[in-house]
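Enquirer: Got a structure for you, written out below as structure tokens; questions coming shortly.
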Amino acid sequence: MTTSLIAKSFVEALQRGEILYQRCHVCGGAQRLARYACTSCGSERLEWLPAAGGGTVFAITVVSRPPEEAFRELVPYALALVDLDEGARLMGHAPTDLKIGARVRAGVFQLGERRLLRFEPEAG
Amino acid sequence: MAHAATQALGEAGLARAQIDGVLCGYATTLPHLMLATLFCERFALEPAYAHAMQMGGATGAGMLMLARELVRSGRCRNVLVVAGENRLSGQQRDNAIATLAQVGDPDFELPNGTMIPAYYALLASRYLHESGLDEADLAAFAVAMRANASRHPGAHLRTPITLDEVLSSKPIASPLKLLDCCPISDGAVAMVVSADAPAGARIAILGAGQAHRHQHLTAIADTRNFGARDATARAFAEAGISRDAIDYLAIYDSFTITLAILLEETGFAPFGGSARLLREGMFAPDGPQPLNTHGGLLSFGHSGVGGGMAHLAETWRQLAQRAGERQVSPRHTAFVHADGGVLSSHVSLILSREA
């Protein structure tokens, strides 16, 4: 899978175990995915910053039919959309019993040659 | 496609030489650089205007909207709108799923092992959470679409199903089961938009609207306005009529959750209220606003762009009173809504029979 130029910072950081999100230098607005311009103010001065890792589950599904062979060993696995405390939203793996609204912490796990995002329930 | 186009020309009473515009939907089984031109060559057409369009599931409604603009501007007199593909038999099923995976973001979503049902499942999980409804509420739409398809000889899935059968069907991506998802089908649909439609089949496009607020699931900013609300408002503003005038509905239904969300966001049910209205008979063939009387994508089938255009063909037939055994009591004004991607691109149309 080739990496898009626009998302290079995020993808490379994830392989190092770091989670980045894009923020507007002008208005401070957090972006979802990777953008060329701020969705709040239109500024093109966007920067990648490290996220602390805390967030809240916005949506979650348990996948029973994997799209490709590499994921067959994980079935059934959960995918969650998580709102980071910084305001960005990310998709990642999660425990299958996680509920919407739960507090989570982001980390990474190894699948084959790549590292993927995984959210675990926040301790305490 | 050729078969559907021949039928459309026949119904419209037009000769090939009278077609001066051609809009053609993309096909995942035939990703050609110039599909409209290719089709014209093989179908022996020499139009003055032609190209293919790509708006995912909204392509059919988008082509009809553009055909209307081409006719209104005087650019064309008769525009043939056509789409079709052998999405089921023309390729390996895994290829179809892989092609459709492009709906996901290649850096943030796809690496996680996602596919389209998972995106809609995530939206469904949020919808059930916010509305307090359960999986049986969504399943009711699958049952209703199958009942409609059982009355259509050309439908892909015609055997009636029960609520329990939907709920106990194979899990795909919770809360969606196999029967919450549309099948992959073969099919083709063609229509003609003309400056002078023949008497007896004069179905006017009164209003049209689009909205495009995101491409990818993760980018969605507002789950109460995916874009359908904006597109609908634009279409009604142009038509100059209110929802009360609508007596037929054709709503995109790639999944049961798609139908619930779109019925509500287009304003034909309150938030969380579409399943209740369905159970009360509001959307039944003999109800006030019959919905997808051909069975929709969920049961008539999903052949790509043709799958979305089947809603348009059925709407035309019902308004023109040419729906045969499925004909509902005379209908005058229909609302059509289609979406492409993950509720990403939206097209609303208001069609009306001219007296």
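The values are calculated or read from the model by the stated rules, or taken from the named source; none is laboratory data. Quantities reported herein were computed from a predicted structural model and do not represent experimental measurements. Reconstructed Cβ throughout: ideal geometry from the backbone, glycine too, with neighbour counts over all protein chains shown. Protein only, heavy atoms only, side chains kept; ligands, DNA and RNA dropped before computing areas. Shrake-Rupley method; radii C 1.70, N 1.55, O 1.52, S 1.80 Å.
Enquirer: Which ones in region A:34-62 are more than 19 Å from A:V104 (Cβ to Cβ), out of contact with any Gly (no Cβ under 7 Å at 6 or more places or on another chain) and crowded, with 21+ Cβ neighbours inside 10 Å?
Expert: Listed by number, the list holds a single entry, A:A34.
Enquirer: Among the residues of region B:210-220, is there at least one that is more than 25 Å from B:V71 (Cα to Cα), of a type in the set (S, T, Y), in a helix (DSSP H, G or I) and open to solvent by less than 60 Å² (accessible area, probe 1.4 Å)? Give the derivation first.
Expert: We begin by selecting, within region B:210-220, every residue more than 25 Å from B:V71 (Cα to Cα); these are B:213-220.
Then drop every residue that is not of a type in the set (S, T, Y), which leaves B:218.
If we keep only those that are in a helix (DSSP H, G or I) too, we end up with B:218.
Those still in the list that are open to solvent by less than 60 Å² (accessible area, probe 1.4 Å) too: B:218.
Checked region B:210-220: at least one residue is more than 25 Å from B:V71 (Cα to Cα), of a type in the set (S, T, Y), in a helix (DSSP H, G or I) and open to solvent by less than 60 Å² (accessible area, probe 1.4 Å).
Enquirer: Tell me which residues, restricted to region A:17-31, are open to solvent by 50 Å² or more (accessible area, probe 1.4 Å) and under 16 Å from A:I6 (Cβ atoms).
Expert: Applying the first criterion (open to solvent by 50 Å² or more (accessible area, probe 1.4 Å)) to region A:17-31 yields A:18, A:23, A:25-27.
Hit for region A:17-31 is A:R23, nothing else.
Enquirer: Just one of the numbered conditions (1) at pLDDT 95 or above; (2) away from chain B (no Cβ under 11 Å) is not true of A:E113; which one?
Expert: Every listed condition holds for A:E113 apart from (1).
Enquirer: List, please: which pairs have Cβ atoms under 7 Å, are six or more places apart or on different chains, and start with a residue in region B:13-31 that is assigned to a loop (DSSP other than H, G, I, E, B) and end with one that is among the acidic types (D, E) and buried (at least 24 other Cβ atoms within 10 Å of the Cβ)?
Expert: Close Cβ pairs (under 7 Å, with a partner that is among the acidic types (D, E) and buried (at least 24 other Cβ atoms within 10 Å of the Cβ)) amount to B:A27/B:E85; B:T28/B:E85; B:T29/B:E85; B:L30/B:E85.
Enquirer: Please state which one of B:L88, B:L70, B:L30, B:L66 is surrounded by fewer than 22 Cβ atoms within 10 Å (Cβ to Cβ), more than 17 Å from the chain's Cα centre (by Cα) and under 14 Å from B:V305 (Cβ atoms).
Expert: Of B:L88, B:L70, B:L30, B:L66, the one residue that is surrounded by fewer than 22 Cβ atoms within 10 Å (Cβ to Cβ), more than 17 Å from the chain's Cα centre (by Cα) and under 14 Å from B:V305 (Cβ atoms) is B:L30.
Enquirer: Here is a list: A:V11, A:V26. Which entry is at pLDDT 95 or above and within 11 Å of chain B (Cβ to nearest Cβ)?
Expert: Going through A:V11, A:V26 in turn, the sole match is A:V11.
Enquirer: Also, quick follow-up: Run B:L88 past the list (1) within 14 Å of chain A (Cβ to nearest Cβ); (2) in contact with a strand residue (DSSP E or B) (Cβ under 6 Å, 6 or more places away or on another chain) and report the number of the one that doesn't hold.
Expert: Here B:L88 clears every test but (1).
Enquirer: Six or more apart or on different chains, Cβ under 7 Å: which pairs go from a residue in region A:39-58 that's of a type outside the set (S, T, N, Q) to one that's at pLDDT below 95 and open to solvent by 40 Å² or more (accessible area, probe 1.4 Å)? Could you list them?
Expert: A:G54/A:E122
Enquirer: Please determine, by comparing only the residues of region A:60-74 that are more than 11 Å from B:A118 (Cα to Cα) and either facing another protein chain (nearest Cβ under 9 Å) or in a strand (DSSP E or B) (or both), which one is modelled with the lowest pLDDT.
Expert: The selected residue is A:E68.
Enquirer: For region B:288-311, indicate whether the set of residues that are more than 26 Å from B:D186 (Cα to Cα) and either surrounded by fewer than 24 Cβ atoms within 10 Å (Cβ to Cβ) or touching a residue at least 60 places away in the same chain (Cβ under 8 Å) (or both) is non-empty. Show your work before the answer.
Expert: Let us first name the residues in region B:288-311 that are more than 26 Å from B:D186 (Cα to Cα), namely B:288-289.
Filter once more, keeping what is either surrounded by fewer than 24 Cβ atoms within 10 Å (Cβ to Cβ) or touching a residue at least 60 places away in the same chain (Cβ under 8 Å) (or both): B:288-289.
Checked region B:288-311: at least one residue is more than 26 Å from B:D186 (Cα to Cα) and either surrounded by fewer than 24 Cβ atoms within 10 Å (Cβ to Cβ) or touching a residue at least 60 places away in the same chain (Cβ under 8 Å) (or both).
Enquirer: Hey, another quick one. Can you say whether B:T333 is among the hydroxyl-bearing types (S, T, Y) and buried (at least 24 other Cβ atoms within 10 Å of the Cβ), as far as the supplied structure shows?
Expert: no
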